[in-house]
1. Report every pair of residues separated by at least 6 positions or lying on different chains whose Cβ atoms are under 8 Å apart, first residue within the range 181-209 and within 21 Å of residue 148 (Cβ to Cβ) and at pLDDT 95 or above, second outside any helix (DSSP H, G or I) and not polar (S, T, N, Q).
2. Restrict the check to the range 103-121 and report whether at least one residue is outside any helix (DSSP H, G or I), acidic (Asp, Glu) and more than 15 Å from the chain's Cα centre (by Cα).
3. Would you say residue 166 is farther than 20 Å from residue 8 by Cα and either assigned to a helix (DSSP H, G or I) or modelled with pLDDT under 95 (or both)?
4. Would you please name the residue that is nearest to the chain's Cα centre (by Cα), looking only at residues in the range 1-57 that are small (Gly, Ala, Ser), surrounded by 19 or more Cβ atoms within 10 Å (Cβ to Cβ) and within 16 Å of residue 142 (Cα to Cα)?
5. Looking at the range 70-84, which of its residues are in a loop (DSSP other than H, G, I, E, B) and either surrounded by 18 or more Cβ atoms within 10 Å (Cβ to Cβ) or not small (Gly, Ala, Ser) (or both)?
6. For the range 86-95, indicate whether the set of residues that are in contact with a Ser or Thr (Cβ under 8 Å, 6 or more places away or on another chain), within 25 Å of residue 7 (Cα to Cα) and surrounded by fewer than 20 Cβ atoms within 10 Å (Cβ to Cβ) is non-empty.
7. Condition first: over 25 Å from residue 47 (Cα atoms), in contact (Cβ under 8 Å) with a residue 24 or more places away in the chain and touching a helix residue (DSSP H, G or I) at 6+ places or on another chain (Cβ under 8 Å). Can you find one or more residues in the range 105-120 that meet it?
8. Among the residues of the range 103-137, what is the count of those that are crowded, with 20+ Cβ neighbours inside 10 Å and within 22 Å of residue 63 (Cα to Cα)?
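The values are calculated or read from the model by the stated rules, or taken from the named source; none is laboratory data. Just so it is clear, the model here is predicted, and its values are computed rather than measured. Counting neighbours? That spans all protein chains shown, and the Cβs are built from the backbone with ideal geometry, glycine included.
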Amino acid sequence: MTTQSYARTAGLLYLIIAVFGAFAIGYVPSVIIVAGDAATTANNLLSNKTLFNMGIFGDIVILLVEVILTAMLYVMFKPVSLTLSLIAAWSRLAMVLVMAINLMLYIMPVVLLGGADYLSAFETPQLQAAALVFFDAHALGIYVWQLFFTVHLVALGVLIIKSDLLPRILGWLIIVGSFGYFFQAMAKLLHIQNDAITAIYIGLLVIVTVGELSIAFWLLIKGIKSSAERGMS
């Protein structure tokens with residue numbers, strides 16, 4: 001692959017993750033899950049199984065594409081700093097591992113509400129409550145993988161700033177914005193409810209989203225400078 005085709009492939013993978021993530025992580029749960037209402041959530045799941053399965057498919061695509069993109073980013077930035085590239089790669093792979101385990105939790109409500117004979121020992125409200133517990137566990141799992149993603153983004157941002165492969169402003173955007181993932185994760189995992197903290201991490205998440213999408217479109221449209229060719233053997 002040439003330098004430009006390599007970069008454009010990475011940009012395309014970024015956009016695939018963004019599109020499938022918006023659908024599987026953003027849209028589908030909003031249709032299915034009603035916080036604190038196990039019965040409604042169960043009914044929504046059973047009446048929207050096709051949509052839910054599409055969301056599971058989207059999650060699977062994200063997992064597979066993440067692995068490929070992680071390897072491509074490592075190769076792309078390895079000439080800049082081997083240590084930082086390893087930190088960026090391993091933290092993103094750790095994120096993918098948590099996402100994979102989290103996907104198993106996400107599938108469990110379908111098992112619980114699927115009507116298997118061995119589940120007849122439990123009452124329907126019990127199964128519905130257990131299904132909602134798994135959905136809640138999955139939601140918390142998202143905040144766990146965000147911690148690893150924060151480390152990845154900081155390392156990647158520094159690599160961008162140190163290199164001449166992409167505009168340095170994109171590196172600063174994802175470094176600053178990455179703390180939105182961190183603050184949101186800490187607030188949710190520690191059950192901190194504070195309007196000021198919420199406003200801060202929402203603002204930072206907007207910044208990091210702009211940064212990540214800008215990187216994706218820059219790679220897809222502009223590519224990277226040919227000086228990166230030395231790192232792609």
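1. 186/192
2. Filtering the range 103-121 for residues outside any helix (DSSP H, G or I) gives 113-116.
Narrowing the set further to residues that are acidic (Asp, Glu) leaves none.
The answer is no; no qualifying residue exists.
3. Working: farther than 20 Å from residue 8 by Cα: no; either assigned to a helix (DSSP H, G or I) or modelled with pLDDT under 95 (or both): yes.
In short, no.
4. Per the criteria, the residue is 24.
5. Here is the first cut: in the range 70-84, the ones in a loop (DSSP other than H, G, I, E, B) are 78-81.
Listed by number, the residues that qualify are 78, 79, 80.
6. There is at least one residue in the range 86-95 that is in contact with a Ser or Thr (Cβ under 8 Å, 6 or more places away or on another chain), within 25 Å of residue 7 (Cα to Cα) and surrounded by fewer than 20 Cβ atoms within 10 Å (Cβ to Cβ).
7. Just the residues of the range 105-120 that are over 25 Å from residue 47 (Cα atoms), to begin with: none.
Scanning the range 105-120 turns up no residue that is over 25 Å from residue 47 (Cα atoms), in contact (Cβ under 8 Å) with a residue 24 or more places away in the chain and touching a helix residue (DSSP H, G or I) at 6+ places or on another chain (Cβ under 8 Å).
8. Selection size over the range 103-137: 3.
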